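Visitor: Take a look at this one; I'll ask things after.
Laboratory data are not the source of any read-out in this text; all were calculated from the coordinates shown. Treat the numbers as computed from the prediction; the structure is a model and nothing was measured.
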Amino acid sequence: MIQLRTIDDPSGRLTAIEGDAIPFPVRRVFYITDVPAGASRGGHAQRTMQEVIIAISGSFDVSTYDEHGPHRWQLNRPTVGLHVPANVWRSLSNFSSNSVALVLASTQYDEADYIRDFELFKAGLEVLEEPYFERRAKTHSLEELQGVR
């Protein structure tokens, strides 16, 4: 998680994304809106692209899968971003009404960089066994991790 620089003022809150706040040069910015109830986004990994995902408005969950297994975060503050490195499966779900997901990406769109088959993605991971991840109580179904493309 990345805490973004925020200035509180009687006239409102300003959050700035500048300098080295993001751990890579931003090459593309996009946002996701109007996700129907029960729908999800993502359901893929990228070979080289990194992302920082921010809930500009509302809330949603980000489920990821990497060499340590499944993880889940609820994003609901515009002052915090989730850094998703390359070679991590991601799926966004449980969007509140009027939510906006802002995504800062390290590369421009390149379909060849996407891995859209979860089993193929998993087969390419070197699974690490660490006690911290074994203690994680929450597990995720294959359907949750695959998401909807």
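Visitor: Extension gain Ile17-Asp117, at 0.36 nm per residue separation less the Cα-Cα distance, in nm? Write out the running numbers ahead of the final one.
Guide: Values: separation 100, 0.36 × 100 = 36.00 nm, distance 3.28 nm.
This chain segment gains 32.7 nm when fully extended.
Visitor: In percent, what relative contact order does the range 1-113 have, based on Cα pairs under 8 Å that are 6 or more apart in sequence?
Guide: Details: 260 pairs, mean separation 42.4, N = 113.
After rounding, I find 38 percent.
Visitor: Quick one: grab the alpha carbon gyration tensor of the range 5-109, order the square roots of its eigenvalues as a ≥ b ≥ c, and give me rounded if a/c is under 1.5, else prolate or oblate depending on whether a/b is larger than b/c.
Guide: Details: a/c = 1.83, a/b = 1.20, b/c = 1.52.
It is oblate, given that a/c is not under 1.5 and a/b is not larger than b/c.
Visitor: Still on this model: Among rounded, prolate and oblate, which fits the range 1-40 when a ≥ b ≥ c are the square roots of the eigenvalues of its C-alpha gyration tensor, a/c under 1.5 means rounded, and a/b larger than b/c means prolate?
Guide: On the way: a/c = 2.62, a/b = 1.32, b/c = 1.99.
Because a/c hits 1.5 or more and a/b fails to exceed b/c, the range 1-40 counts as oblate.
Visitor: Another question, then. What shape does the range 23-75 have by the C-alpha gyration tensor, where a ≥ b ≥ c are the square roots of the eigenvalues, rounded means a/c under 1.5, and otherwise prolate means a/b greater than b/c and oblate the rest? Could the numbers behind the result be given before it?
Guide: Working: a/c = 1.74, a/b = 1.15, b/c = 1.52.
Cα axes put the range 23-75 in the oblate bin.
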